[in-house]
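Every read-out reported here was derived from the displayed coordinates using simple, explicitly stated rules and does not represent laboratory data. Remember, predicted model here, so these are calculated numbers, not experimental data. Reconstructed Cβ throughout: ideal geometry from the backbone, glycine too, with neighbour counts over all protein chains shown.
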Amino acid sequence: MLVAKLSVVCATILVVSPSNPFGPGTGRPTGGPANHGPGYPGASPRQAPPASYGPPAGGVNPFGPTSSVPVGGPAPAPTPAPPSPSGSLEPVGPPIGLLIAAAVLAVLGIAAGAVFWASPLSIAGWALAGPIAIGVLALFTSRDTARRSAAIYLRPDWLPLAYAMTMIVIAAGVVVGSVSFAMWIGHR
């Protein structure tokens, strides 16, 4: 019983809706009394459907062939797609050079912060270990993520440990460089 009522309501919405994609409606906005069509109590006669949706009056099918010669000439031959980097079967690994470069920059930042302790040049240690080393590490992460989409990706077992150690060295370099620069600012 409930299913029958729901189907009547859905059919009513489709028939009454002016934006019905399945055919013409009554033109009235939804929400008013429904026009259920003949056979329902209190129903008013439906409007006549619009003209046929078939071919135009001239009898010419707009989707049929018009001539045997194509309009734009022969179709160009398809060009082969360039080979994708993920389609090759060569094993790839992470860009370890970038990880080493980030760690070296962080160590140089620690050294610069320690050598130039409490001087204005200690900001160079912070910059090396901070934004520059973090940027190189971000580049490592980006390129490593792109390489992981290759068909064969070989990651060394020690890579997560090396990544964590690089992050610790970067954090230590930022702390040494910033404290050294803060000491210079404090003693001015």
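For the listed peptides 163-174, 124-135, a ranking on the average number of other beta carbons within 10 Å per residue, highest first, reads 124-135, 163-174. Protection proxy ranking for 107-118, 148-159, using the average of other Cβ atoms within 10 Å per residue and placing the highest first: 107-118, 148-159. Which residues does a label at S88 reach in segment 141-167, if reach means a backbone N under 20 Å from a point 7 Å past the Cα toward the Cβ? Counting only backbone N, you get 142-156. If you take all other residues with their beta carbon under 13 Å from the beta carbon of P94, and give Lys and Arg +1 and Asp and Glu -1, the sum is +2. All Cα-Cα distances of segment 91-186, cut into 5 Å bins from zero to the largest, leave 3, 17, 22, 18, 13, 10, 7, 5, 3, 1, 0, 0 percent in each bin in turn.
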